[in-house]
Amino acid sequence: MSGIEDPVDDLRVTPPKTWATGLPAVTHALEYSLGQTSPRRTALTLLNINQPRGIDCPGCAWPEPAPGKRHMNEYCENGAKHINDEATSRRVTRDFFREHSIAELDGMSDYWLNQQGRLTEPMVKRPGATHYEPIGWDEALGLLAGELKALDSPDEALFYVSGRLNNEAAFLLQLFARAYGTNNLPDCSNMCHESSGSAMSETLGIGKGSVSLDDIHHSDLVFVVGQNPGTNHPRMLSALEETKRNGGQVVAVNTLPEAGLMRFKHPQKARGIIGRGTPIADQFLHIRAGGDLALFQALNRLLLEAEDTAPGTVLDRSFIERNTTGFAEFAAHARTVSWEDVLTATGLSREEIQEVFERVLSSERIIVCWAMGLTQHKHGVPTIREVVNFLLARGNIGRPGAGVCPVRGHSNVQGDRTMGVWERMPQEFLDALEREFGFTPPAHHGLDAVNGIRAMHEGRAKVFLGVAGNFVRATPDSAVTEEAMRGCRLTAHVSTKLNRSHTVCGETALILPTLGRSDRDVQGGVEQFVTVEDSMSDVHASRGKLPPASADLLSEVAIVARLARATLGDAPDLPWEDFENDYGTVRDRISRVVPGFEDFNARVDRPGGFHLPNPVNEGVFPTPSGKAVFTRNAFTMPHVPEGHLLLQTLRSHDQWNTVWYAPNDRYRGIHDARRVVLVNPADLDALGLADRELVDLVGVWHDGRERRAEGFRVVAYPASRGSAAAYYPETNVLVPLDSVADISNCPTSKGVVVRLEPVRAPVPEGAAAGGRSEPWGE
Ligand SMILES: Nc1nc2c(c(=O)[nH]1)N[C@H]1C(S)=C(S)[C@@H](COP(=O)(O)OP(=O)(O)OC[C@H]3O[C@@H](n4cnc5c(=O)[nH]c(N)nc54)[C@H](O)[C@@H]3O)O[C@H]1N2
Ligand SMILES: Nc1nc2c(c(=O)[nH]1)N[C@H]1C(S)=C(S)[C@@H](COP(=O)(O)OP(=O)(O)OC[C@H]3O[C@@H](n4cnc5c(=O)[nH]c(N)nc54)[C@H](O)[C@@H]3O)O[C@H]1N2
Ligand code: SF4
Ligand SMILES: [Mo]
């Protein structure tokens with residue numbers, strides 16, 4: 001494994017925090033930003049982030065309030081860090097690549113690679129070379145085009161997209177891939193909310209959430225399940241605070257007592273800066289890992305029984321009859337779930353579940369929000385289907401204050417899908433492309449992330465282009481993925497910053513540096529803007545404000561358009577050059593291909609942009625039957641052999657996905673180290689392990705291949721019994737490529753069976769001292 005550098009012996013542990021986002025959070029943001037760039041650039045980014053004619057935050061996909069309701073500072077600590085990590089004044093130049101061989105770079109940590117700054121010009125690694133060297137844009141794109149044209153089949157190429165990519169470039173990339181002849185468009189969503197999409201498409205007919213910010217504010221009861229908003233969607237806490245102010249309640253369901261779920265201090269308000277903040281969760285369910293299916297099955301059983309006792313008062317019979325199918329089969333099955341199974345799977349008491357149920361009964365309007373704690377389990381799809389059953393049973397879909405809310409990760413991950421970046425776009429979309437552009441897109445499905453790795457590993461895929469992400473570190477089974485990438489004829493990445501995907505490369509490799517969200521984008525003398533779609537289907541513009549990091553950068557739109565031209569040539573129906581010169585022409589095409597984007601250019605020009613209506617809110621369910629579908633989901637829970645734990649691989653507060661900014665996770669009380677594994681003290685006792693002991697994490701999977709992540713410090717922590725938590729991407733090496741969620745094929749990053757193997761070397765003196773973690777409490 002490459003790039004291990006993290007001094008575990010510096011580890012300092014303090015008790016986990018019970019609140020999130022106060023004044024210290026703002027200071028932390030400024031500290032990181034000013035370490036990267038000048039006060040002037042910091043001020044420029046922060047004044048513009050999430051403002052109506054400003055820069056869309058390159059962080060998460062949480063939406064902004066309507067333009068008139070925005071604060072002067074409509075961003076969070078982490079948003080400020082993300083944008084200034086991009087706006088950094090540091091630069092990676094050709095001298096840097098002359099000084100450092102690829103092997104040397106591969107030995108550096110993910111942190112170090114990111115800290116070198118912005119990429120400045122295209123670079124190539126030629127076959128057999130030890131170093132990257134400069135290359136001109138025309139030659140670089142010609143080389144890539146030449147390799148693509150030389151393949152026996154277009155299906156030997158992969159086009160990976162991550163959710164930072166804007167709509168215009170995403171639309172052009174999928175257009176290019178399909179015109180070239182393949183649907184091989186794996187994306188980060190394959191590893192993220194794919195289970196949400198699978199479950200919701202089947203049951204509701206659309207893979208997107210149905211609620212708006214206003215719905216959250218006016219809901220009676222919001223569930224936050226398997227999600228850590230304090231770190232990953234910080235402004236969601238302002239929305240939940242508003243829910244509470246309006247008299248609504250919040251129930252948090254998590255394997256960890258995450259700080260943001262407990263108490264919130266609003267950074268933009270005096271009372272948030274001084275006081276103790278707002279308690280967020282009215283009830284916290286400290287659930288066992290993977291127990292959420294059982295929890296929602298139990299709630300559904302209770303709903304049915306309550307309806308038996310008081311017919312006509314609990315279920316929404318008329319909604320069920322009018323809008324759904326499969327209720328009888330669902331109900332018959334839901335009644336069979338056993339309390340014994342539920343209590344085992346959830347680790348909760350019957351009283352706790354009864355208490356949530358009382359809240360459900362007294363709530364007219366209910367929303368369920370969720371993220372990776374549900375999607376990245378083997379049974380992620382049935383779990384989300386059961387959430388949908390729960391909401392449908394009381395008609396909590398399609399009316400104000402109620403609905404499904406999968407909280408998206410990357411700022412434009414939802415938009416990229418809307419633009420057609422998916423290996424399985426429906427035929428209607430392909431037909432619309434054909435009508436608009438006059439070629440027939442391939443009909444057979446392409447490869448997703450996991451199948452793409454398999455194809456590269458087996459030599460069936462030979463050319464890899466990644467746009468906007470870090471494929472090598474984001475994917476499971478790092479050792480296998482690295483072999484797969486190294487086996488490619490060519491790997492190329494359109495990136496803003498250096499990362500592991502540039503050091504683990506094919507025979508030929510290209511680094512294609514690009515403008516970031518914050519950079520001003522001028523084409524043909526005219527300033528351009530791009531568009532994004534947030535988690536609640538609001539589409540709006542983003543305008544870069546900073547002078548570009550280097551004069552040799554091209555925009556993502558330009559790179560894709562030029563590559564397409566070099567590969568396919570200009571044709572009257574595919575005017576790549578026009579697309580590059582005027583992004584408005586791309587939006588015109590989108591308006592004719594993608595439903596809901598009619599009159600795109602005019603509507604996106606309004607402050608705040610426009611909302612893509614979700615048909616379920618008009619009572620239309622685009623399923624084959626035209627109705628929402630109740631499902632029967634067999635009870636299941638993770639099986640963890642004696643002496644093992646179920647490991648979840650998650651994010652710290654100081655990281656953006658594969659990139660970490662500092663070895664800290666302030667809210668969880670972890671400082672100066674990342675190679676830590678959080679385990680319940682009772683599990684440590686049962687396993688005969690001590691707090692702060694040094695262990696290897698060893699993956700247990702039936703293929704016999706040993707997967708080991710070395711040198712982690714155990715930290716006694718209030719993780720739910722039987723589970724463990726450690727940071728990604730260091731632990732991706734443990735996630736077997738074949739360990740995926742049923743149906744969605746999403747890697748099971750939250751359900752990895754491991755054993756903790758003590759490292760025999762003597763524990764350094766003093767390592768066990770200092771601030772043993774206290775179980776969570778006030
Ligand atoms: N600062 C920052 N923000 C980010 C990101 C980042 O890396 N850094 N990444 C972005 C992206 S791409 C995404 S997808 C989102 C991810 O947002 P999250 O899903 O919040 O991210 P994770 O850190 O993976 O945390 C998973 C949460 O689920 C809980 N959990 C794990 N297993 C279970 C379970 O079985 N049941 C329940 N009920 N809970 C469980 C964990 O304890 C944790 O609180 O964040 C986005 N925002
Ligand atoms: N074990 C484990 N694995 C996981 C997860 C997990 O919870 N556990 N989570 C999964 C999830 S939810 C996701 S979304 C994926 C994330 O996977 P990715 O999206 O692939 O990873 P990122 O770390 O976001 O990518 C960072 C890189 O993006 C590039 N970049 C940043 N901004 C821009 C830009 O504006 N343009 C371009 N072209 N490039 C840019 C930079 O070069 C940077 O190094 O990881 C997945 N992998
Ligand atoms: S909540 Fe998300 S989108 Fe909003 S400022 Fe923070 S990181 Fe950016
Ligand atoms: Mo994600």
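The values are calculated or read from the model by the stated rules, or taken from the named source; none is laboratory data. Everything numeric here is computed off the predicted structure, so don't read it as measured data. Virtual Cβ from ideal backbone geometry, glycine too; neighbours counted across all protein chains shown. Ligands, DNA and RNA are stripped out before the accessible areas are found, and what is left, the full protein with its side chains, is counted by its heavy atoms. Shrake-Rupley method; radii C 1.70, N 1.55, O 1.52, S 1.80 Å.
For the subset of the range 648-682 comprising residues that are closer than 21 Å to G699 by Cα and either near ligand 1 (Cβ under 10 Å from one of its atoms) or of a type in the set (D, E, K, R) (or both), which member is most open to solvent (accessible area, probe 1.4 Å)?
Per the criteria, the residue is R651.
Pick out the one residue from T440, T344 that is assigned to a helix (DSSP H, G or I) and either within 21 Å of the chain's Cα centre (by Cα) or more than 16 Å from ligand 4 (Cβ to nearest atom) (or both).
T344
Would you be able to say whether some residue in the range 518-533 is farther than 26 Å from V735 by Cα, surrounded by fewer than 24 Cβ atoms within 10 Å (Cβ to Cβ) and in contact (Cβ under 8 Å) with a residue 60 or more places away in the chain?
Yes, some residue in the range 518-533 is farther than 26 Å from V735 by Cα, surrounded by fewer than 24 Cβ atoms within 10 Å (Cβ to Cβ) and in contact (Cβ under 8 Å) with a residue 60 or more places away in the chain.
Given the range 98-203, what helices (runs of 4 or more DSSP H) lie entirely inside it while holding 2 or more residues that are among the hydrophobic types (A, V, I, L, M, F, W, C), open to solvent by 20 Å² or more (accessible area, probe 1.4 Å) and within 16 Å of ligand 2 (Cβ to nearest atom)?
Where helices (runs of 4 or more DSSP H) fall fully within the range 98-203, none carries at least 2 residues being among the hydrophobic types (A, V, I, L, M, F, W, C), open to solvent by 20 Å² or more (accessible area, probe 1.4 Å) and within 16 Å of ligand 2 (Cβ to nearest atom).
Checking the structure you have, find out if any residue of the range 464-474 is within 16 Å of ligand 1 (Cβ to nearest atom), within 27 Å of A129 (Cβ to Cβ) and touching a Cys at 6+ places or on another chain (Cβ under 8 Å).
The answer is yes; a qualifying residue exists.
What helices (runs of 4 or more DSSP H) completely inside the range 460-536 contain at least 1 residues that are among the hydrophobic types (A, V, I, L, M, F, W, C), within 30 Å of P229 (Cβ to Cβ) and touching a strand residue (DSSP E or B) at 6+ places or on another chain (Cβ under 9 Å)?
Of the helices (runs of 4 or more DSSP H) lying wholly inside the range 460-536, those with at least 1 residues that are among the hydrophobic types (A, V, I, L, M, F, W, C), within 30 Å of P229 (Cβ to Cβ) and touching a strand residue (DSSP E or B) at 6+ places or on another chain (Cβ under 9 Å) span 471-474.
So which residues in the range 53-76 are buried (at least 24 other Cβ atoms within 10 Å of the Cβ) and within 18 Å of P39 (Cβ to Cβ), if there are any at all?
I55, Y75
Mind checking which pairs have a first residue in the range 60-83 that is closer than 18 Å to G163 by Cβ and a second that is more than 9 Å from ligand 1 (Cβ to nearest atom) and assigned to a helix (DSSP H, G or I), Cβ under 6 Å, 6 or more apart or different chains?
Qualifying pairs under 6 Å: W62/M236; P63/L213; K81/A29; K81/Y32; I83/T45.
Looking at T636, T649, which is the one that is in a strand (DSSP E or B), in contact (Cβ under 8 Å) with a residue 60 or more places away in the chain and not aromatic (F, W, Y)?
None of the other options fit; the residue is T649.
Determine whether the range 60-67 contains at least one residue that is closer than 28 Å to R417 by Cα, assigned to a helix (DSSP H, G or I) and modelled with pLDDT under 90.
Scanning the range 60-67 turns up at least one residue that is closer than 28 Å to R417 by Cα, assigned to a helix (DSSP H, G or I) and modelled with pLDDT under 90.
So which residues in the range 628-682 are in contact with a His (Cβ under 9 Å, 6 or more places away or on another chain) and of a type in the set (K, R)?
Hits for the range 628-682 are R632, R666, R668.
Look through G35, G79 and report the one residue that is open to solvent by less than 50 Å² (accessible area, probe 1.4 Å) and away from ligand 1 (no atom under 14 Å from the Cβ).
Within the list G35, G79, the selection yields G35.
Scanning for something within 23 Å of the chain's Cα centre (by Cα) and either not assigned by TED's automatic domain parsing to the domain that holds G373 or not in a helix (DSSP H, G or I) (or both), does the range 622-633 turn up at least one residue?
Checked against the condition, which is being within 23 Å of the chain's Cα centre (by Cα) and either not assigned by TED's automatic domain parsing to the domain that holds G373 or not in a helix (DSSP H, G or I) (or both), the range 622-633 yields no hits at all.
Criterion first (open to solvent by 20 Å² or more (accessible area, probe 1.4 Å) and not charged (D, E, K, R)) does H444 satisfy it?
When the stated conditions are applied, H444 passes them.
Quick one: which residue in G395, G401, G438 is over 22 Å from S162 (Cα atoms) and touching a Ser or Thr at 6+ places or on another chain (Cβ under 7 Å)?
Sole residue among the options that is over 22 Å from S162 (Cα atoms) and touching a Ser or Thr at 6+ places or on another chain (Cβ under 7 Å): G401.
Only one residue in S744, S749, S720 is within 11 Å of ligand 2 (Cβ to nearest atom), assigned by TED's automatic domain parsing to the domain that holds T658 and in a loop (DSSP other than H, G, I, E, B). Which one?
S749
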